[in-house]
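Following: one structure in structure tokens, then a few remarks.
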Amino acid sequence: MAAVEAERAMQAAIPALDARAVRKSFGGSEVLKGVSLTAMPGEVMCIIGPSGSGKSTFLRCINHLERIDSGCLLVFGQFIGYRQVGQELREVRGRHLARQRRDVGMVFQQFGLFPHMTAVQNIVEAPLRVLKQDKREAHERAEGLLRRVGLLEKRDAYPSELSGGQQQRVAIARALAMRPRLMLFDEPTSALDPELVNEVLNVIRELAAGGMSMIVVTHEMAFARDLADIVVFMDAGIVVESGAPGEVMDHPRERRTQEFLEKVSSRQSRHA
């Protein structure tokens, strides 16, 4: 029993995300300039900042959708997109990369559902092909996930028959079907009409309540304040400041953070 408890304690001490001095350039433009961030298991990290600050690029680097130029990224102590050979990191592809990505689910701004597949077919596709899951088991889990996101009655609907909010909830269910340990959300409500935003945010809130580790890039300030354990403000490819929501959003230390939050508050007041 003591050995089991020690193993659990050791696992809990391994960060869900450990980013160290991550740099990424496109052409001659450096988009990430040495980003270092840590999130522990069960924590929700919300990343805020102006457009073009590197938020989405950083998220895509975690899942190796973008190849970093230097630094390193570990998810629960494991590299994504690389394997260590001695002191050297070697990039991996194909099945090896797919296996590494199993621990990371990602939901994009655009829903990315296969238009020729029903909701349930979209969800079972990856478990059947990548995990080689039994067909009956995959369909049962897909229906359970659709129930979880409030869309079981839409199991046989095609994406064109769903609202934007419904499509995004199917996309979340699809990501969860791979049983990820870390979920990444890239501005999941930015493509939605305002009246559909809450139905997606409520699903994310339920995941947080269940202890899912999450990194969320968002422009929803109230959501970040209520949900996050850590709020990170990024600008021009760097982490300007990070900390508890009350610290960063109510008492920001840096002038750039203050200016951004004042501008967001002013914009929201005009549209209220």
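Taken together, the values in this text are just the output of simple stated rules run on the coordinates, not laboratory data. In this text the structure is predicted, and so the values were computed from the model without any measurement. Using ideal geometry, Cβ is built from the backbone for each residue, glycine included, and neighbour counts are taken over all protein chains shown.
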**OP:** Pull up segment 70-104, narrow it to residues that are surrounded by 14 or more Cβ atoms within 10 Å (Cβ to Cβ) and on the phi > 0 side of the Ramachandran plot, then point me to the one that is nearest to the chain's Cα centre (by Cα).
**Re:** F76
Subject >> Candidates R102, R147, R174 - the one that is without any contact (Cβ under 8 Å) to a residue 24 or more places away in the chain and of a type in the set (D, E, K, R) >> reply: R147
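Conditions (1) over 23 Å from S36 (Cβ atoms); (2) free of Cβ contacts under 8 Å to residues at least 12 places away in the same chain; (3) out of contact with any His (no Cβ under 7 Å at 6 or more places or on another chain); (4) not acidic (D, E), marked per residue:
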| site | (1), (2), (3), (4) |
| --- | --- |
| L184 | no, no, yes, yes |
| T189 | yes, no, yes, yes |
| P194 | yes, yes, yes, yes |
| L201 | yes, no, yes, yes |
| A208 | yes, no, yes, yes |
| A222 | yes, yes, yes, yes |
| A228 | no, no, yes, yes |
| P245 | no, no, yes, yes |
**OP:** Residue by residue through segment 149-196, note down the ones that are surrounded by 18 or more Cβ atoms within 10 Å (Cβ to Cβ) and basic (K, R).
**Re:** K154, R169, R174
Subject >> Flag if L145 is outside any loop (DSSP other than H, G, I, E, B) and under 22 Å from L32 (Cα atoms) >> reply: no
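Results for (1) among the hydrophobic types (A, V, I, L, M, F, W, C); (2) surrounded by fewer than 17 Cβ atoms within 10 Å (Cβ to Cβ); (3) closer than 30 Å to T257 by Cβ, shown as yes or no for each residue.
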| residue | (1), (2), (3) |
| --- | --- |
| V35 | yes, no, yes |
| F108 | yes, no, yes |
| F114 | yes, yes, no |
| Q133 | no, no, no |
Subject >> Every residue from segment 105-144 that is within 15 Å of R169 (Cβ to Cβ) and over 18 Å from the mean Cα position of the chain (by Cα) >> reply: T118, A119, V120, N122, A142, E143, G144
Original post:
Cβ-Cβ below 9 Å, separation at least six or inter-chain, first residue in segment 27-41 and under 14 Å from A228 (Cα atoms), second surrounded by fewer than 15 Cβ atoms within 10 Å (Cβ to Cβ) and among the β-branched types (V, I, T): which pairs?
Top reply: M40/I14; P41/I14
**OP:** Just give me the residues in segment 37-48 being under 12 Å from I238 (Cα atoms) and surrounded by fewer than 22 Cβ atoms within 10 Å (Cβ to Cβ), in sequence order.
**Re:** L37
